[in-house]
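*Asks:* The structure that follows is given in the form of structure tokens.
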Amino acid sequence: MDVTEAGAARDAAAVTAYLEASMVPDPETAARYMAPGIAIVFTGGRVFHHPREVTAFNAGRYAWVKKRMERLDVVPGEGVTTVYSLGTLYGAWPDGTAFEGNRYVDRFTVRDGLIVSMEVWNDSAERLLERQGASV
């Protein structure tokens, strides 16, 4: 394994550890995998700067939520690694109604084992609109 591959493996492991901690949820442990000054950009352009803000946002949107991580796509680069986590969300809406199969993609930029940026996309907004009777 060369230096680039080793760095990419380390960076992918940091993303996996972050995601596992965030699902507990344990935002303080999750924050250990993030660089200071991080921008976590959610669907709709919401920007957070610490995993505890993400946990608070999710607490308002879901009774609980977890990720079924189907795969990581790891793209080594010059000094950074881009990691995509793809899969589905499952859990319960605030009223307790269960859901599953809610697609997500998380894009991480990782440098030296720390996540320096994170972007999140998922189908939750469309599913919430559908629950309210809007045609999407």
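The values are calculated or read from the model by the stated rules, or taken from the named source; none is laboratory data. None of these values were measured; they are calculated from a predicted model. Cβ placement follows ideal geometry from the backbone for every residue including glycine, while neighbour counts extend to all protein chains displayed.
*Asks:* Given the condition over 12 Å from the mean Cα position of the chain (by Cα), at pLDDT 95 or above and part of a loop (DSSP other than H, G, I, E, B), answer yes or no: does some residue in region 119-136 qualify?
*Replies:* no
This table checks each residue for (1) at pLDDT 95 or above; (2) of a type in the set (D, E, K, R); (3) touching a Pro at 6+ places or on another chain (Cβ under 8 Å).
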{"site": "G45", "(1), (2), (3)": "no, no, no"}
{"site": "H49", "(1), (2), (3)": "yes, no, no"}
{"site": "R52", "(1), (2), (3)": "yes, yes, yes"}
{"site": "W64", "(1), (2), (3)": "yes, no, no"}
{"site": "E70", "(1), (2), (3)": "yes, yes, no"}
{"site": "G79", "(1), (2), (3)": "no, no, no"}
{"site": "V83", "(1), (2), (3)": "yes, no, no"}
{"site": "L89", "(1), (2), (3)": "yes, no, no"}
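*Asks:* Identify, please: which residue in region 1-20 is among the hydroxyl-bearing types (S, T, Y) and at pLDDT 95 or above and is, among those, nearest to G77 (Cα to Cα)?
*Replies:* This residue is T16.
*Asks:* Only residues that are aliphatic (A, V, I, L, M) and under 22 Å from W121 (Cβ atoms): list them for region 9-23, please.
*Replies:* If the condition is that a residue be aliphatic (A, V, I, L, M) and under 22 Å from W121 (Cβ atoms), then A12, A14, V15, A17, L19, A21, M23 are the ones that fit.
*Asks:* For region 34-53, state whether one or more residues are out of contact with any strand residue (DSSP E or B) (no Cβ under 6 Å at 6 or more places or on another chain), closer than 22 Å to A98 by Cβ and of a type in the set (S, T, Y).
*Replies:* No, there is no match, as no residue in region 34-53 is out of contact with any strand residue (DSSP E or B) (no Cβ under 6 Å at 6 or more places or on another chain), closer than 22 Å to A98 by Cβ and of a type in the set (S, T, Y).
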